[in-house]
């Protein structure tokens, strides 16, 4: 999709973040199921919310690129900001509610600590690798633009 020009700028970053978050979500739910760890389950819920966040942002970005029409003569550009507001409020509300439920449930029905297993270690290692990959992809765009502007400034002087 990137070579055909279908994913540019913010679209590309959000699609990459969505893909990585989806992989993390699947991995964390699998690890939580295999180990029975409640903390991994909480992390899986967190990754699910990140994935939903990226999906709403992508929808908002795509919707904001629509051309003006009779109902919205100035276009749909502000939809991007509204979708960001919706995801922020949704994540805050869902996260607070789930944290309160989990905290109260843990106080009322406490369990013993689970031992650290190889699945948890593998998941931490894989997450660090994917996070580093995502950071590198996100930083390459501004660095490429910086190099282009430096080269343009040097060629304009001569």
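The values are calculated or read from the model by the stated rules, or taken from the named source; none is laboratory data. Just so we're clear, the structure is a prediction, and the values are computed from it rather than from any experiment. When we count neighbours, we look across all protein chains shown, and the Cβ atoms used for this are built from the backbone with ideal geometry, even at glycine.
So the values come out like this:
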read-out: Flag if residue 64 is without any contact (Cβ under 8 Å) to a residue 60 or more places away in the chain and under 26 Å from residue 127 (Cβ atoms); value: no
read-out: Count - residues of region 100-111 that are closer than 12 Å to residue 38 by Cα and surrounded by 10 or more Cβ atoms within 10 Å (Cβ to Cβ); value: 4
read-out: Residue match in region 22-37 (condition: loosely packed, with under 15 Cβ neighbours inside 10 Å and in a loop (DSSP other than H, G, I, E, B)); value: yes
read-out: Lone unmet requirement of (1) within 29 Å of residue 16 (Cβ to Cβ); (2) outside any helix (DSSP H, G or I); (3) at pLDDT below 85 for residue 66; value: (3)
read-out: One residue from 58, 85 being loosely packed, with under 15 Cβ neighbours inside 10 Å and outside any loop (DSSP other than H, G, I, E, B); value: 85
read-out: Test: residue 49 is in contact with a helix residue (DSSP H, G or I) (Cβ under 8 Å, 6 or more places away or on another chain), assigned to a helix (DSSP H, G or I) and either without any contact (Cβ under 8 Å) to a residue 60 or more places away in the chain or under 24 Å from residue 111 (Cα atoms) (or both); value: yes
read-out: Yes/no for residue 120 being touching a helix residue (DSSP H, G or I) at 6+ places or on another chain (Cβ under 8 Å) and outside any loop (DSSP other than H, G, I, E, B); value: yes
read-out: Among the candidates 133, 122, residue that is under 24 Å from residue 27 (Cβ atoms) and modelled with pLDDT under 70; value: 133
